[in-house]
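Trainee: I have a structure here, written as structure tokens, and I will follow up with some questions on it.
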Amino acid sequence: MQTDVIFNTDALSALRGLDDDCVDCIVTSPPYWQLRDYGLAPILFGGNGTCRHEFDGFGVCRLCGGWLGQLGQEPSRELFIEHLVSIFDECRRVLKKSGTLWVNLGDSYSKLNKYNRPNDYPGRKNAYCLKELRVDLSAHRVPHKSLCNIPGLFAETMILRGWILRNEIIWYKPSVVPTPVKDRFTVDFEKVFFFTKAPRYDFRQQFEPYAESTCGRYERGFDVERAKGKGYREYGCPAGVKEINPKGRNKRTVWRITSENNHEMHYATYPTKLVETPVEAGCPPGGVVLDPFLGSGTTAVVARRLGRHYIGIEPNPEYAAIARVRLERESGSIKR
């Protein structure tokens, strides 16, 4: 199997060309629902490839039920989730039984009424249009201004498709860009879901520093006389805790990671530090990391830096070119 390669095509097409059980780890961030138009040619999701197709105003074929468009621009969140998990079904096939999957996915706010003016209608009842993004109000059902709960719906659907959800990780952004809203709080986090195919999988424990108060308690020792629990009285410390690990404590699920300056022309680059822990924990040294939504190449850059191979999939030729330039720079820094 070819590795250290970027396929300049859509995720489904590239994934179908990969062998079964060929990658060790998948780290990715798919397009968020109804956020932006990436300027890609529409592709057909579902339906029948031999159908002569009669598409309605939302890109849905009246004959076979297929949808023509870009992932993330579906007219309902349910259709978006259906298309997204179908891609991860293919990811499941190519992922080894011992493999891990890490998905960064943000939420969207329902803005049904903001563009609900006569000039915004594309000529069909119960619809609005923001540039090329169209939502079918009869299918959408989420109240105006409500969070759409895309991450929660995605995680639930993935569990029902057989994935094991091991952790829901909070990516806390201390330097989040301020928003002009005055009737809710500024969102300063996104979620990262950690999935596996099987109950037993390849994983390297990750550590973080102990809190100062924890170190102090260990240094002072435990007051056995005043302890109420059996573990304190018999062992002088909580059951299961014997001594401070010099590596630190087991890493928690709230990751404080600041955004990184991005000079490349990509709108949704996640920071390299967000990728480092999944790669180090979920991919063995020399293994293969796959990103089916590569973007500007952050996953591939981190994989190479940490001594892993990569496979990237990115349909936008401009973003694929940016990824290749970043990888060339990374190769030069490694050689030096």
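The values are calculated or read from the model by the stated rules, or taken from the named source; none is laboratory data. Computed from a predicted structure; not experimentally measured. Positions of Cβ are backbone-derived with ideal geometry, glycine not excepted, and every protein chain shown enters the neighbour counts.
Trainee: Across region 150-169, what is the number of residues that are loosely packed, with under 14 Cβ neighbours inside 10 Å, in contact (Cβ under 8 Å) with a residue 12 or more places away in the chain and farther than 19 Å from CYS25 by Cα?
Mentor: Result for region 150-169: 0.
Trainee: Here's another thing I want to ask about it. Which of the residues belonging to region 170-189 are in contact with a Lys or Arg (Cβ under 7 Å, 6 or more places away or on another chain) and either β-branched (Val, Ile, Thr) or in a loop (DSSP other than H, G, I, E, B) (or both)?
Mentor: Result: ILE170, PRO174, ASP188.
Trainee: Taking PHE7, is it in contact with a strand residue (DSSP E or B) (Cβ under 9 Å, 6 or more places away or on another chain) and more than 23 Å from GLY297 (Cα to Cα)? Break it down stepwise before answering.
Mentor: Numbers: in contact with a strand residue (DSSP E or B) (Cβ under 9 Å, 6 or more places away or on another chain): yes; more than 23 Å from GLY297 (Cα to Cα): no.
Judged against the criteria, PHE7 is not a match.
Trainee: Of everything in region 1-15 that's more than 20 Å from the chain's Cα centre (by Cα) and surrounded by fewer than 15 Cβ atoms within 10 Å (Cβ to Cβ), which residue is modelled with the lowest pLDDT?
Mentor: Among those residues, the one meeting the criterion is MET1.
Trainee: Scan region 170-200 residue by residue and report those that are over 20 Å from ASN104 (Cα atoms) and of a type outside the set (A, V, I, L, M). Break it down stepwise before answering.
Mentor: Residues of region 170-200 over 20 Å from ASN104 (Cα atoms): 178-185, 198-200.
Within region 170-200, PRO178, THR179, PRO180, LYS182, ASP183, ARG184, PHE185, PRO199, ARG200 meet the criteria.
Trainee: Can you tell me which residues in region 9-37 are over 21 Å from GLY66 (Cα atoms) and either of a type in the set (Phe, Trp, Tyr) or in a loop (DSSP other than H, G, I, E, B) (or both)? Explain how you work it out, then say what you get.
Mentor: We begin by selecting, within region 9-37, every residue over 21 Å from GLY66 (Cα atoms); these are 17-29, 35-36.
Passing the criteria: GLY17, LEU18, ASP19, ASP20, ASP21, CYS22, SER29, LEU35, ARG36.
Trainee: Report, by residue number, each residue of region 198-253 that is in a loop (DSSP other than H, G, I, E, B), more than 25 Å from the chain's Cα centre (by Cα), at pLDDT 70 or above and not aliphatic (A, V, I, L, M). Before you say what the answer is, go through the steps one by one.
Mentor: Going residue by residue through region 198-253, those that are in a loop (DSSP other than H, G, I, E, B) are 198-206, 209-211, 221-229, 236-248, 251-253.
Those left that are additionally more than 25 Å from the chain's Cα centre (by Cα): 209-211, 221-229, 236-248.
Now drop any that are not at pLDDT 70 or above, which leaves 209-211, 243-248.
Within region 198-253, PRO209, TYR210, GLU243, ASN245, PRO246, LYS247, GLY248 qualify.
Trainee: Scan region 30-82 for residues that are surrounded by 20 or more Cβ atoms within 10 Å (Cβ to Cβ), free of Cβ contacts under 8 Å to residues at least 40 places away in the same chain and under 18 Å from PRO292 (Cα atoms) and jot them down.
Mentor: Those that are surrounded by 20 or more Cβ atoms within 10 Å (Cβ to Cβ), free of Cβ contacts under 8 Å to residues at least 40 places away in the same chain and under 18 Å from PRO292 (Cα atoms): GLY69, GLN70.
Trainee: Looking at (1) under 16 Å from ASN149 (Cα atoms); (2) assigned to a helix (DSSP H, G or I); (3) of a type in the set (Gly, Ala, Ser), find the lone condition where GLY72 falls short.
Mentor: Evaluating GLY72 over (1) under 16 Å from ASN149 (Cα atoms); (2) assigned to a helix (DSSP H, G or I); (3) of a type in the set (Gly, Ala, Ser) leaves (2) as the failure.
Trainee: Find the residue count for region 284-336, including only residues that are assigned to a loop (DSSP other than H, G, I, E, B), surrounded by 24 or more Cβ atoms within 10 Å (Cβ to Cβ) and not hydrophobic (A, V, I, L, M, F, W, C).
Mentor: The total comes to 5.
Trainee: Anything in region 64-92 that is at pLDDT 95 or above and in contact with a Lys or Arg (Cβ under 7 Å, 6 or more places away or on another chain)? List them, or say none.
Mentor: VAL85, ASP89, GLU90, ARG92 - these are the residues of region 64-92 that are at pLDDT 95 or above and in contact with a Lys or Arg (Cβ under 7 Å, 6 or more places away or on another chain).
Trainee: Checking the structure you have, find out if any residue of region 167-179 is polar (S, T, N, Q), on the phi < 0 side of the Ramachandran plot and modelled with pLDDT of 95 or more.
Mentor: Step one: filter region 167-179 for residues polar (S, T, N, Q), giving 167, 175, 179.
This time we only want the ones that are on the phi < 0 side of the Ramachandran plot, so: 167, 175, 179.
Those still in the list that are modelled with pLDDT of 95 or more too: 167.
For region 167-179, residues polar (S, T, N, Q), on the phi < 0 side of the Ramachandran plot and modelled with pLDDT of 95 or more: present.
Trainee: Residue by residue through region 139-149, note down the ones that are out of contact with any Lys or Arg (no Cβ under 6 Å at 6 or more places or on another chain) and surrounded by 17 or more Cβ atoms within 10 Å (Cβ to Cβ).
Mentor: Just the residues of region 139-149 that are out of contact with any Lys or Arg (no Cβ under 6 Å at 6 or more places or on another chain), to begin with: 139-147, 149.
Listed by number, the residues that qualify are HIS140, VAL142.
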